[in-house]
Amino acid sequence: MIRRLVFIDDGRWLMLDGDAVTARGAGLDTLPPLLAGDAAETIIVVPGDAVVLHWVELPELAPAQMAAAARMLAADVSAASIETTHVVVGAADGEGVRPLALVDREVMAGWLAQLDAAGIDADRMVPAPFLLPVSGDAVRVFEREGLWLVRGERLGFAAESELARMMVGERATILMSGGDVEAGLAAALDGAAIDLRQGAFARVRAWSIDRRRVRRLAVLAAALLAAVLATEVAAVLRYSFAADRAEMQLAEAARRVLPRGTVVGDARGQVAARLARLGGDGGGFGGPAAALMAAMRDRPGVVLQSLEFAPESGLVVVVTGDAADRDAVVAAVSAAGFATAMAAAREQGGMTVADVTVRAR
């Protein structure tokens, strides 16, 4: 794997190919780009004296629970306000002990802003002590410009040499040269159990298309479309059946007023012709019946149960249907110029029926 290792404090960088250092330089603007298609990552090394490291026992938890537990533990050991501290918990060892890192939020934001200005998107941000290997009970030390970088079993910090000696105490110390550190960088980075790019400072991953999810969404969309089409088809059929039923009712009503044996083809036209032959002017049966049939045509939910006509009382029909449809039929007949009256609805044969009277005004 190709690694770009950048030291954020002074801008030094190393290019690693496997275990070997293949290039080095200074200045973020001189950092070579990674080639497309390479298995590569950019690792930022942050100063050890800017990060406080502790080791805590913490079981495996859900991410939100882990973050909350880490902040509670950090509040017990941090001298700074926990609200201004970026708290990160790392991977557990075989005994369930994890590294806990604390760094000032403003410092963390400043590092990321510096990298962003240079066009660098860090895959990981690792505290400098994690560049040193861990070997049993001994403490590894790398000294640079009077500052000790210290790493041991569940131990890691950077401090001035005198303070560092006090903190190490009587533990065996192994001094490392720059060459020793570089030779072990690949192994140390592979085993680094913590990454500061978490929580509010986590890396924003590029969005990629999940083909399996796309297929599932396509199947769901097809099923939804089929359901909608089925509903529409059912509605069309329902309206078609209702229209057919209305036409049948209209033909049946026409047969009652036409001469016996007449074949009904155009119920409205045949009834009108019959009325004309009889010399009717709308005041007899034909006018009210035609108006009523026309109104019922537009309200297929209204069903004609019986029809009677007498010159004195007018046209009296019994209809079924909901109240809104019955009212609409009566209103349409009235609008056609006839006097209408509808009696209160009643139950008959398990249905709600109403008597409607239509006569000329």
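The values are calculated or read from the model by the stated rules, or taken from the named source; none is laboratory data. Here the structure is a predicted model, which is why all the values come from computation and not from measurement. Here the Cβ positions follow ideal geometry from the backbone for every residue, glycine too, while neighbour counts run over all protein chains shown. Please note that ligands, DNA and RNA were not included when accessible areas were found on the heavy atoms of the full protein model with its side chains. Shrake-Rupley method; radii C 1.70, N 1.55, O 1.52, S 1.80 Å.
Side notes on the structure shown:
- Qualifying positions in segment 166-207 - open to solvent by less than 40 Å² (accessible area, probe 1.4 Å), in a helix (DSSP H, G or I), under 16 Å from G152 (Cα atoms) and in contact (Cβ under 8 Å) with a residue 40 or more places away in the chain: V181, L185, A188, L189
- So A243, is it aliphatic (A, V, I, L, M), assigned to a helix (DSSP H, G or I) and either open to solvent by less than 100 Å² (accessible area, probe 1.4 Å) or in contact (Cβ under 8 Å) with a residue 24 or more places away in the chain (or both): yes
- Of the residues making up segment 22-65, those that are within 18 Å of R124 (Cβ to Cβ) and of a type in the set (A, V, I, L, M, F, W, C) are L28, L31, L34, A39, A40, I43, I44, V45, V46, A50, V51, L53.
- Counted residues, segment 36-57 - those being within 20 Å of F201 (Cβ to Cβ) and of a type in the set (A, V, I, L, M): 8
- Among the residues of segment 83-121, those that are of a type in the set (A, V, I, L, M), in contact with a Lys or Arg (Cβ under 9 Å, 6 or more places away or on another chain) and more than 16 Å from D10 (Cα to Cα) comprise V87, V88, V89, A91, A92, V97.
- The one condition in (1) farther than 19 Å from A193 by Cβ; (2) in a loop (DSSP other than H, G, I, E, B) that G94 fails to fulfil: (1)
- Residue count for segment 1-58, restricted to those that are more than 30 Å from S81 (Cα to Cα), in a loop (DSSP other than H, G, I, E, B) and open to solvent by 30 Å² or more (accessible area, probe 1.4 Å): 10
- Single condition V358 does not satisfy, out of (1) assigned to a strand (DSSP E or B); (2) in contact with an Asp or Glu (Cβ under 8 Å, 6 or more places away or on another chain): (2)
- Checked against the criterion of being modelled with pLDDT under 90 and of a type in the set (V, I, T), the candidates I120, I82 yield just one match: I82.
- Looking across segment 156-165, the residues that are under 15 Å from G48 (Cα atoms) and either in a helix (DSSP H, G or I) or in contact (Cβ under 8 Å) with a residue 24 or more places away in the chain (or both) come down to G156, F157, A158, A159, S161, L163, A164.
- Residue, most open to solvent (accessible area, probe 1.4 Å), within segment 59-87, restricted to residues that are assigned to a loop (DSSP other than H, G, I, E, B) and of a type outside the set (A, V, I, L, M, F, W, C): E60
- Being open to solvent by less than 50 Å² (accessible area, probe 1.4 Å) and in contact (Cβ under 8 Å) with a residue 12 or more places away in the chain is true of D123.
Per-residue answers, yes or no, for (1) among the hydroxyl-bearing types (S, T, Y); (2) more than 22 Å from F142 (Cβ to Cβ):
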site: A23; (1), (2): no, no
site: A26; (1), (2): no, no
site: I43; (1), (2): no, no
site: P63; (1), (2): no, yes
site: T85; (1), (2): yes, yes
site: V88; (1), (2): no, yes
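- Out of R144, R151, R140, sole residue that is modelled with pLDDT of 90 or more and either open to solvent by 70 Å² or more (accessible area, probe 1.4 Å) or touching a Phe, Trp or Tyr at 6+ places or on another chain (Cβ under 8 Å) (or both): R151
- Positions within segment 294-325 being in a helix (DSSP H, G or I) and open to solvent by 20 Å² or more (accessible area, probe 1.4 Å), in sequence order: A294, R297, A323, A324, D325
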